[in-house]
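This report refers to the structure that appears directly beneath it.
The values are calculated or read from the model by the stated rules, or taken from the named source; none is laboratory data. Keep in mind the model is a prediction, meaning the values are calculated, not measured. So basically every Cβ, Gly included, is an ideal-geometry build from the backbone, and we count neighbours across all protein chains shown.
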Amino acid sequence: MLSKNEDYLMPQFPINELAQLTIATCVASKIEHVVISPGSRNAPLTIGFSNHPKVKTYSIVDERCAAFFALGIAQQLQSPVAIVCTSGSALLNYYPAIAEAFYSNIPLVVISADRPKHLIDIGDGQTIRQENVFENHMLASVSLDESLNIEGNINEMLSEIIKTAILESGPVHINVPFDEPLYETTSNILNFETFDYSFEEEPLNVDDLEQFAKIWNASEKKMVLVGEHYPNELLQIQLEHLTKDPSVLVLIENTANVSNPKFINSIDKLIFPLEDNELTHFQPDILLSLGGLIVSKKIKQHLRKFKPKHHWHVDPKRAFDTYHSLSHHFKLTPQLFFSQFFFLTKPTDSFYQEFWLHKKEIRLSKHAAFLNECAFSDLKVVDTVLKSIPANSQLQVSNSSVIRYTQLFDINKSLRLFCNRGTSGIDGSTSTAIGASVVVDANTVFLTGDISFFYDSNALWNSYIPITFRIIVINNGGGGIFRFIPGPQKSNALDYFETPHNLTAVHLCKMYNFEYATATSVDELTTGLKDFYTISEKPKLLEVFTPQKENDKILKAYFNNLK
């Protein structure tokens, strides 16, 4: 007979049938990571997931941080991660990360506990209308009910909704109502056979594809524009093959995670100084786009004004008409598309690629000369930091000005760079970076601005941060991007755009057990970076203070220097 203590140590699982079905279906769908935010109504799920031998669970209090933390894990694993919360407003804090997952094609399984229907809208505590609350940014939603299981179809509903998250790469919502009691347990666990949700692509019809190949082969100016993309060796090889055609110009962003000397990787640096007559020559006959969303505002403006004759997008899920000229959507992965398309294409005589690669070299020369003499500023800090990051690291970058600065530089091709560009928000960048860091072997460096960092400071309220995690905060005393945008400075409300402050990260580092260091000059920054990446007993944060009123002037001078 077990003693009370031994009985307590036995694995516990919820008696509640809906909780058992939800947990068993998640496990059968190979969901191995579950991020739980504390609460009472979700107790059956919390008890079941935390005791399951096939699930790694994390406890994170702030639901917004928890959702972005999960998003970072899913971003790196390219597989679904579940988030679990209690009922009421807790669920609404997931929305920013859900929107990011929706637009960045990241599988996120949202599981919310709820009150039974008879307790909704009667004044009971911690209740809101949870069904379909995320419908504008959800691939699928379901609200369970014990009566649904009379025909044994809840398991099927759950497996279908998780299958949607996996095959369509995005967020889904499972709402699970629980009546009290909530904490009753059993040693029995429900198990299902593992589901196989393999993704099978169908090749394009060759006859149809041949019509596009004819247009391709007859065009002298072809632009291939690659947005955000998870690192892929085959795509790297295929894009390199494209450069063998002198009529093809490959434009990438550092978030595309591909590189080659014949790629244009700093789009704004290339096109910012161009006059309209030069932009006309830059205008492609064909724009072939692939990957996720684009950072460069300049390329969007250019291609909307100087529209290509044909815009084709390659993606298995969706095609945004970003440039107001979309003419065809190839619904498959770029890798399969190119493997078929290359058999039908041939190089075309043209000076298109050669001309713009020559322009690139001119820009690089002026870029190097300016940075060599550049005063201490945001621009100089980003240059110095990017050169310092150890090879094979994972680089996470926050939004707003920091990601835009990063796009101006060549980065070590062994780095993997990520940024939440789905909605381009600053709200969960730190949480995402921490989530990403816990599931990769590589060291993770997070480069962020001050507003983004302080906005998501609850991200550091996290017990899972690796000691190898590094944060570099560029603190310019406010939202520096609003000094570069002409509109805010012309208004009499600049303080409301810019958010000036005198905050530092020193007390946060003390509270959350980070090593803390500062830099206020190039020399201090260079010295501080020497030991910044070395092994330590705790994660580190380096806060770099730059001159608030000089940064925009230096960046404008940089772009003027490119002319």
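Of the residues in segment 10-29, not one is outside any helix (DSSP H, G or I) and closer than 24 Å to residue 457 by Cα. Anything in segment 175-199 that is surrounded by fewer than 10 Cβ atoms within 10 Å (Cβ to Cβ) and either assigned by TED's automatic domain parsing to the domain that holds residue 138 or under 29 Å from residue 135 (Cα atoms) (or both)? List them, or say none. Residues satisfying the conditions are 196, 198. When you scan segment 161-178, do you find a residue that is at pLDDT below 90, in a loop (DSSP other than H, G, I, E, B) and over 30 Å from residue 336 (Cβ atoms), even just one? Scanning segment 161-178, I find no residue that is at pLDDT below 90, in a loop (DSSP other than H, G, I, E, B) and over 30 Å from residue 336 (Cβ atoms), so the answer is no.
Scoring residue 141 on the criteria (1) touching an Asp or Glu at 6+ places or on another chain (Cβ under 7 Å); (2) part of a strand (DSSP E or B); (3) surrounded by 22 or more Cβ atoms within 10 Å (Cβ to Cβ) leaves a single failure, condition (3).
Contact map, segment 517-537: first residue buried (at least 16 other Cβ atoms within 10 Å of the Cβ), second residue among the aromatic types (Phe, Trp, Tyr), Cβ cut-off under 7 Å, separation 6 or more or different chains; pairs are 518/545; 522/376. Residues in segment 200-219 that are more than 15 Å from residue 330 (Cβ to Cβ) and exposed (fewer than 15 other Cβ atoms within 10 Å of the Cβ): 200, 214, 218. Within segment 51-90, the set of residues being part of a strand (DSSP E or B) and either modelled with pLDDT under 95 or buried (at least 20 other Cβ atoms within 10 Å of the Cβ) (or both) comprises 58, 81, 82, 83, 84, 85.
Per the listing 131, 228, 180, the residue uniquely within 26 Å of the chain's Cα centre (by Cα) and among the acidic types (Asp, Glu) is 228. In this structure, is residue 98 touching a strand residue (DSSP E or B) at 6+ places or on another chain (Cβ under 6 Å), in a helix (DSSP H, G or I), β-branched (Val, Ile, Thr) and crowded, with 17+ Cβ neighbours inside 10 Å? So residue 98 passes the test. Counting the residues of segment 384-419 that are hydroxyl-bearing (Ser, Thr, Tyr) and under 14 Å from residue 231 (Cα atoms) gives 2.
Have a look at 384, 333 and point out the one that is farther than 30 Å from residue 469 by Cα, surrounded by 14 or more Cβ atoms within 10 Å (Cβ to Cβ) and either among the small types (Gly, Ala, Ser) or out of contact with any His (no Cβ under 8 Å at 6 or more places or on another chain) (or both). Sole residue among the options that is farther than 30 Å from residue 469 by Cα, surrounded by 14 or more Cβ atoms within 10 Å (Cβ to Cβ) and either among the small types (Gly, Ala, Ser) or out of contact with any His (no Cβ under 8 Å at 6 or more places or on another chain) (or both): 333. What do you reckon, is residue 299 farther than 17 Å from residue 211 by Cβ, crowded, with 20+ Cβ neighbours inside 10 Å and in contact (Cβ under 8 Å) with a residue 60 or more places away in the chain? For residue 299, the condition - farther than 17 Å from residue 211 by Cβ, crowded, with 20+ Cβ neighbours inside 10 Å and in contact (Cβ under 8 Å) with a residue 60 or more places away in the chain - is met.
Based on this model, can you work out whether residue 256 counts as touching a His at 6+ places or on another chain (Cβ under 7 Å), surrounded by 14 or more Cβ atoms within 10 Å (Cβ to Cβ), at negative phi and not assigned by TED's automatic domain parsing to the domain that holds residue 411? Yes. In this entry, residue 507 is excluded by the filter for residues that are within 23 Å of residue 62 (Cβ to Cβ), at pLDDT below 95 and not aliphatic (A, V, I, L, M). The residue list 410, 427, 450 contains one member that is touching a Leu at 6+ places or on another chain (Cβ under 9 Å), crowded, with 20+ Cβ neighbours inside 10 Å and of a type in the set (Asp, Glu), which is 450. Per the conditions (1) of a type outside the set (D, E, K, R); (2) surrounded by fewer than 24 Cβ atoms within 10 Å (Cβ to Cβ); (3) at pLDDT below 95, the sole criterion not satisfied by residue 33 is (3).
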